[in-house]
Structures are given as structure tokens and as C-alpha cells.
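Each remark here refers to the structure printed beneath this line.
Quick note: the coordinates plus some simple rules give every number you see, no bench work behind them. Keep in mind the model is a prediction, meaning the values are calculated, not measured. Here the Cβ positions follow ideal geometry from the backbone for every residue, glycine too, while neighbour counts run over all protein chains shown.
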Amino acid sequence: ATTIPISAEKAQPDREQPSKLDECRRCELWQFATQAVPGEGTKRAPIMIVGEQPGDQEDLAGKPFVGPAGKLLDQVFAQAEVDRKAIYLTNAVKHFKWEPRGKRRLHKTPAQREVEACHYWLEKELATVKPKVIVAMGATALKSVMRKGTVALKDFVGKPVRVDGAWVVTIYHPSYVLRVPDEASKHEAFSVMVKGLKLAHELIE
Ligand code: URA
């Protein structure tokens with residue numbers, strides 16, 4: 001008789017650790033989102049870029065950074081000469097968290113428990129991609145990557161640190177750049193992002 005090998009996962013189903021991202025019930029956010037948004041890009045990319053969570057358009061499209069923040073990020077990529085297809089792009093939290101405002105769905109910052117619950121998926125991505133450099137965009141991504149409840153972004157921007165054998169480079173989140181009201185500060189914030197990505201590129205060499 002032929003023995004069909006079964007994986008440990010199948011032999012011991014673990015409801016806390018769903019195999020499919022879209023079936024994730026590790027926190028409550030799935031109930032209000034259209035779908036989970038997985039990371040995308042090159043599987044063994046040397047650079048992994050981590051955002052916060054999908055926004056309204058990403059939630060509908062099922063792809064990260066396709067809305068306004070993604071458009072700004074594409075400008076940063078162009079300036080830093082980063083090919084979006086050559087990196088891996090993901091989020092700390094994979095479901096869109098929002099609150100209703102009229103007919104619109106307004107982004108809500110994920111709670112620490114949600115970031116922690118979703119770290120399970122980021123760890124899986126890190127184990128697969130094995131990036132040399134992780135670029136954390138904004139405080140939520142940084143908290144997740146550093147596994148800390150609180151972090152001060154200013155302590156990390158421009159100061160790469162080593163975490164579990166990879167460099168962590170911290171830059172602003174593109175939505176922050178979009179929100180900055182005056183042009184001079186916007187320009188400055190944009191160039192901090194460009195500089196961070198150029199640094200990430202140097203660190204993989
Ligand atoms: N903001 C994020 O952090 N991630 C996205 O995918 C879109 C907007």
C-alpha cells in the first residue's frame with residue numbers, strides 16, 4: 001500500500017494559525033474588510049518594504065499600495081531608482097481598519113494587539129523572502145518590525161539598526177508625506193524617504 005505523507009500542519013490543525021491569510025481570524029479586523037491584502041513582489045527580494053495596513057483602494061483591489069499612498073511611493077521609487085518589481089512590498093497589518101465618515105471609509109490606526117496578531121504573517125513573509133534590508137515606513141511598521149509596543153520614529157529615521165541578521169531602515173510613511181501641509185516640509189519629508197531607499201540599496205551590496 002502506498003503511504004501518502006501528510007504534513008504536520010494537516011495532521012495537527014491549529015485554529016490559531018490559519019494557513020490562508022484571507023481566512024485569518026487572529027483579530028477582529030477581517031469582519032469589516034473586503035479581503036486580506038497579502039504582500040507582493042519578488043519572493044527572494046533583498047529589500048522588503050513594510051507599510052501600515054491596506055487603505056480603502058487596497059482593500060477593494062486586494063493589492064498593497066495601489067491608492068494615493070502607493071502613487072506617492074511610486075514617485076519615491078522613481079527618484080531612488082528602485083524597481084518596484086525587484087523588491088517585496090507588504091504591510092504590518094493585512095486587513096483594512098476603518099470607521100465610517102458619511103459615505104467614506106476613513107483609515108483608523110491599528111491597535112497594538114492587531115499589529116501583534118498580524119505579526120504572525122509578517123514573520124512568515126520574512127522567513128520566505130529573507131531580506132537583507134527591511135524598510136519600515138512609519139511607526140506601525142517600525143513597531144511590528146522591532147516587536148515593540150512603543151517606538152519613537154525620530155530615533156530610527158536615518159539610523160539603520162541590525163535586527164535578527166537584517167538591516168532595518170526607517171523612513172516616513174507615504175501618507176504622512178501626503179498630509180504635510182506646507183510645500184517645503186513636504187519636499188523635506190519626501191527626500192527623507194528617497195534617502196532611506198538609497199541607503200537600503202547601499203546596505204544590500
Ligand atoms: N497604506 C499602507 O500602509 N499600505 C497600503 O497598502 C496602502 C496604504
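Secondary structure note: in the chain, about 40% of the DSSP beta bridges are antiparallel.
Is the C-alpha gyration tensor of region 87-205 telling us rounded, prolate or oblate? Criteria: a/c under 1.5 is rounded; beyond that, a/b larger than b/c is prolate, otherwise oblate. Could you put the intermediate results ahead of the total?
Values: a/c = 1.94, a/b = 1.12, b/c = 1.73.
Note, shape of region 87-205 comes out oblate.
When shorter helices are ignored and each DSSP H run of at least 4 residues is given -39500 (n - 2.57), the per-residue value for the chain at 222 nm works out to -11500 deg cm²/dmol. What residue among S185, S175, S144 shows peak mean-square fluctuation when the chain is described by a Gaussian network model with Cα springs under 10 Å? Of S185, S175, S144, the most mobile in the Gaussian network model is S185.
Run the numbers on region 26-203 and let me know its relative contact order in percent, using alpha-carbon pairs under 8 Å that are six or more apart.
Values: 325 pairs, mean separation 45.8, N = 178.
With pairs under 8 Å counted, the relative contact order is 26 percent.
List, in the order given, every pair from K71/K132; K20/K63; K97/K195; K43/K63; K97/K198 whose Cα-Cα distance in the structure shown is over 20 Å. From the list (K71/K132; K20/K63; K97/K195; K43/K63; K97/K198), the Cα-Cα distance tops 20 Å for K71/K132; K97/K195; K97/K198. 3J(HN,Hα) along region 30-45, derived from phi through the Karplus expression 6.51 cos²θ - 1.76 cosθ + 1.60 where θ = phi - 60°, amounts to 4, 5, 9, 9, 6, 6, 7, 10, x, x, 9, x, 6, 4, 10, 5 Hz, with x in place of Gly and Pro. A cut-off of 5 Å between modelled amide H atoms, ignoring neighbours fewer than 5 places along the same chain, links W98 with K108. Comparing H119, H107, H173 in a Gaussian network model of the chain (Cα springs below 10 Å), the most mobile by mean-square fluctuation is H107. Computing FRET efficiency as 1/(1 + (r/R0)^6) for V180 and A127, where r is the C-beta to C-beta distance and R0 is 30 Å, gives about 0.25.
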